[in-house]
1. What number goes with the only condition from (1) closer than 30 Å to I500 by Cβ; (2) within 16 Å of the ligand (Cβ to nearest atom) that G240 does not pass?
2. Taking the options G140, G162, name whichever one is in contact with a Ser or Thr (Cβ under 7 Å, 6 or more places away or on another chain), at pLDDT 95 or above, open to solvent by less than 10 Å² (accessible area, probe 1.4 Å) and farther than 16 Å from G546 by Cα.
3. In the range 405-446, what residues are open to solvent by less than 20 Å² (accessible area, probe 1.4 Å), in a helix (DSSP H, G or I) and of a type outside the set (G, A, S)?
4. Inside the range 90-109, can you point out the residues that are within 16 Å of the ligand (Cβ to nearest atom) and either open to solvent by 10 Å² or more (accessible area, probe 1.4 Å) or in a strand (DSSP E or B) (or both)?
5. Any chance you could count how many residues in the range 328-345 are open to solvent by 60 Å² or more (accessible area, probe 1.4 Å) and hydroxyl-bearing (S, T, Y)?
6. Which members of the range 136-162 meet the condition of being more than 16 Å from the ligand (Cβ to nearest atom), in contact (Cβ under 8 Å) with a residue 60 or more places away in the chain and not aliphatic (A, V, I, L, M)?
7. Which of the residues that make up the range 319-351 are of a type in the set (A, V, I, L, M, F, W, C), under 25 Å from R455 (Cβ atoms) and touching a Phe, Trp or Tyr at 6+ places or on another chain (Cβ under 9 Å)?
8. For the range 248-292, how many residues meet the condition of being more than 16 Å from the ligand (Cβ to nearest atom) and of a type outside the set (D, E)?
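The values are calculated or read from the model by the stated rules, or taken from the named source; none is laboratory data. Predicted model, so just to flag it, every value in this text is computed and none were measured. Counting neighbours? That spans all protein chains shown, and the Cβs are built from the backbone with ideal geometry, glycine included. Only protein heavy atoms, including side chains, enter the accessible area calculation; ligands, DNA and RNA are left aside. Shrake-Rupley method; radii C 1.70, N 1.55, O 1.52, S 1.80 Å.
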Amino acid sequence: MRDKIRSLRKVMACLTGVLLIMALLIPAGGSTAFGADAQSYDVLIKGGTVYDGTLKPPCVEDIAVQGDRIVAIGKLEGKAAKTIDAQGFIVTPGFIDIHEHSDMIVSMLASGEGVTPAMKEEIKGNLNAIYQGVTTVVTGNCGNSATDTAQWFKMVESMNFGTNVMHLIPHGAVRFELFGEKNQPLKLSPKQLKKFKARIEKEMKNGACGISTGLSYPPGLGTTTEELIDLAKVVGKYGGIYATHMRDESGTLLEGGNVAVLESIKEAIEIGRKSGTPVQISHLKLAVPHSIKASRMLTLIEAARQEGLDVTADSYPYTSGVTGIEILLPNSFKKITGGIADRYKTKEERAEIKALIQGLYADIPPEKIILISCDKKEYEGKSVGEIAAMEGKDPSDTYVGLVCDHVTTGIIFAHNEQAMKDFMSNHYVFTCSDGYTWARDIPGAHPRIYGAFTRKLKVFALEEKILSLNDAIRSMTLLPAEKLGIAGRGKLESGAFADIVVMDLNTLKDKSTYENPAQYAEGVVHLMVNGVLTIEDRKLTGQRAGRPLKGRGRPVLK
Ligand SMILES: [Zn+2]
């Protein structure tokens, strides 16, 4: 997807933006929204077991909705235009996906190639998220996506998107836009830095909720920590966060005995410490080689939190990711503008990559690197192992050829399973999908886009009991809402926006698999976004009510 993303970025960037009135400021529901006419509600959700987003023990309550707000919770009588019987079901706040990439897909839709009307409806609905109970997504992650916040928010409104959207400023994409695709400077001059900071400030004023970096992707992989501290200071001034796909997520042993992922966590913490800006470590994982235990990573985060720094993370409940297969190589093998460094054009130099991948095959066999897209079409859907067998080559030579001579995206089973479980049981690790809105007829999706939230609840809370249901729900509601400073969401209480999920734990299931990904999750009986029922009796109503949710857009006092 990364090559598409490049061109999408250009599409997004050349559209002009119009500043929208902050959705949060519109008092939808009017003057009666807070109970002046409390006996007559728009919707009354009766008798569900309410998990309100906090750790309060669940209890059976009714929830009254008027306009886009919850107006009462408790034992409620009174009339309602619609009454929903939630007995036997749980009721939770709509889930917040703090790490998502829908902005890339929607801009693909704008270009229109190969997208049928039916696919458009699925994409506009963000249905793969909706069916999991997700009502708000945070886009702009990993440093690479829509650079014009105002324009993206305008699209969210005009297409009537299915979920609410918050947006991060993508560091890498903006850097490419400001300083060119070809001659990216490694270190910015004072003048360039000033220009970058001014642009970040503009996007924050237009409603972004922070900045994201992709430090194992170009051009982030070549940028200095100092640059990131300077830019993080700007977003911090406006109440934003610093979200980071770190430089190296692997257990690679570096010269001097340091471990790559630990050094990367230290860098993220240092950026938080020196900028004073809250840090969000994106899709926390331990990638191959699995040379350490998760506890060493968590200890660093806990020490930073003890120091008083606001450092949190998010993770998805799968042991594979989707990206260019060169992700398995350290940044030193890559160019700041993308691809493998030019020196690997010779046979001798390629031997260095070969030796490295041979080492990694102990933790990730070539069958576990599966191409979902490639500029050589006959490779698509095949693993590196299968391609090697097909061509009668050594699998490590096949890998070298793929990263040096082709553009690939693969599902890569590089993450340590025990570490994944160890991360998610901590209250400072929220839930994310690392997904995007999608249509089932488009092949090549990772199951996480259809099932991350459902899987965490079903498999890891209810079945394996790695964390309690209350903890799991909080990790996808109140905790991310607090981190992002979203007012009135993430908790079921009177006055909050009516983003509500009614869920049947008996039928809860993430159905999407690697073999057959295009399957929506099951278990959401009713789902409301801003007071509008998008799912009713397990079926789509055809109504969508997502809104752009702006960050503060003004300096915060510290
Ligand atoms: Zn990422």
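1. (2)
2. None of the others qualify; the one that does is G140.
3. If the condition is that a residue be open to solvent by less than 20 Å² (accessible area, probe 1.4 Å), in a helix (DSSP H, G or I) and of a type outside the set (G, A, S), then M420, F423, M424 are the ones that fit.
4. Matches in the range 90-109: D97, E100, H101, M104.
5. Counting residues in the range 328-345 that are open to solvent by 60 Å² or more (accessible area, probe 1.4 Å) and hydroxyl-bearing (S, T, Y) gives 1.
6. T136, T147, D148, T149, Q151, W152, F153, K154, E157, N160, F161, G162
7. I325, I327, L328
8. Selection size over the range 248-292: 24.
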